[in-house]
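A.B. asks: Dropping a structure here in structure tokens format, bear with me for questions.
Nothing in this text is a laboratory measurement; each read-out follows from the coordinates by a stated rule. Source: prediction; values computed, not measured. All Cβ positions, even for glycine, are placed from backbone atoms using ideal geometry, and neighbour counts span all protein chains on display.
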Amino acid sequence: QVQLVESGGGLVQAGESLRLSCAASGSFFRVDVMSWYRQATGNQRELVARITSGGATHYSDSVKDRFSISIDNAKNAVYLQMNSLKTEDTAVYYCYADIVPGPPYSPRGFWGQGTQVTVGS
């Protein structure tokens, strides 16, 4: 059973920073890609940032100059450093991982439970 556990959300003021963490646990072969998504009230879930186990990154245009994603392969963990936060960053942030349960299987997607980030003006 694979689990993704997030932490680090909270309430901050505009311009401040937060760091989200997510770790994969359970029995699996390897983690290929880890991502952060977010969903604001009334909106669809959207990709924020993605990182491969090799360190290749992708950011949405709305965050690419303010957020930084990193991965610790030894800990099967991903981090999202969020700087210069804006009120429009308020959302539930979800960790997502493409994990290979074991050979010869293909990667499967797993979601975390979500962590609330609220940015006040």
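A.B. asks: What are the extents of the Cα atoms of the chain along their three principal axes, listed from largest to smallest and rounded to whole Å?
C.D. replies: Extents along the principal axes: 49, 25, 23 Å.
A.B. asks: Counting other Cβ atoms within 10 Å of each Cβ, which chymotrypsin sites (Phe, Trp or Tyr not before Pro) in the range 50-116 have at most 14 and sit in a DSSP loop?
C.D. replies: The qualifying sites are 105.
A.B. asks: Kindly provide the GluC sites (Glu not before Pro) of the range 1-91 that DSSP labels as loop, not H, G, I, E or B, and whose Cβ sees at most 14 other Cβ atoms within 10 Å.
C.D. replies: Listed in order of number, the matching sites are 16.
A.B. asks: Taking amide H positions as placed in the peptide plane 1.01 Å from N, state which residues far from residue 86 in sequence (5 or more) or on other chains have amide H under 5 Å from it.
C.D. replies: Distant-sequence amide H within range of residue 86: 15.
A.B. asks: In sequence order, what are the phi-derived ³J(HN,Hα) couplings for the range 72-77 according to the Karplus relation 6.51 cos²θ - 1.76 cosθ + 1.60 with θ = phi - 60°, rounded to whole Hz, with x for glycine and proline?
C.D. replies: Once rounded to whole Hz, the list reads 10, 5, 5, 9, 6, 10.
A.B. asks: Oh, and also: Rounded if a/c is under 1.5, else prolate if a/b beats b/c, else oblate: with a ≥ b ≥ c from the C-alpha gyration tensor eigenvalues square-rooted, which is the range 1-65?
C.D. replies: On the way: a/c = 1.83, a/b = 1.49, b/c = 1.23.
Prolate, because a/c is 1.5 or more and a/b exceeds b/c.
A.B. asks: Label the range 61-120 by shape, choosing from rounded, prolate and oblate, from the square roots a ≥ b ≥ c of the eigenvalues of the Cα gyration tensor; if a/c is under 1.5 it is rounded, and otherwise prolate applies when a/b is larger than b/c, oblate when it is not.
C.D. replies: Since a/c reaches 1.5 and a/b is larger than b/c, the shape of the range 61-120 is classed as prolate.
A.B. asks: If the only charges are +1 at each Lys and Arg Cβ and -1 at each Asp and Glu Cβ, what is the size of the charge dipole of the chain around the Cα centre, to the nearest 20 debye?
C.D. replies: 160 debye
A.B. asks: Find, among the trypsin sites (Lys or Arg not before Pro) in the range 1-48, those assigned to loop by DSSP (not H, G, I, E, B) with at most 16 other beta-carbon atoms within 10 angstrom.
C.D. replies: Passing sites in the range 1-48 are 45.
A.B. asks: Still on this structure: Read phi for every residue in the range 114-121 and hand back ³J(HN,Hα) as whole Hz from Karplus 6.51 cos²θ - 1.76 cosθ + 1.60, θ = phi - 60°, with x for Gly and Pro.
C.D. replies: With the stated coefficients, the range 114-121 comes to x, 9, 7, 10, 10, 10, x, 8 Hz.
A.B. asks: Per-residue HN-Hα couplings for the range 36-45, Karplus 6.51 cos²θ - 1.76 cosθ + 1.60 at θ = phi - 60°, whole Hz, x for Gly and Pro?
C.D. replies: Whole-Hz 3J(HN,Hα) from phi for the range 36-45: 10, 10, 9, 9, 8, 4, x, 10, 6, 5.
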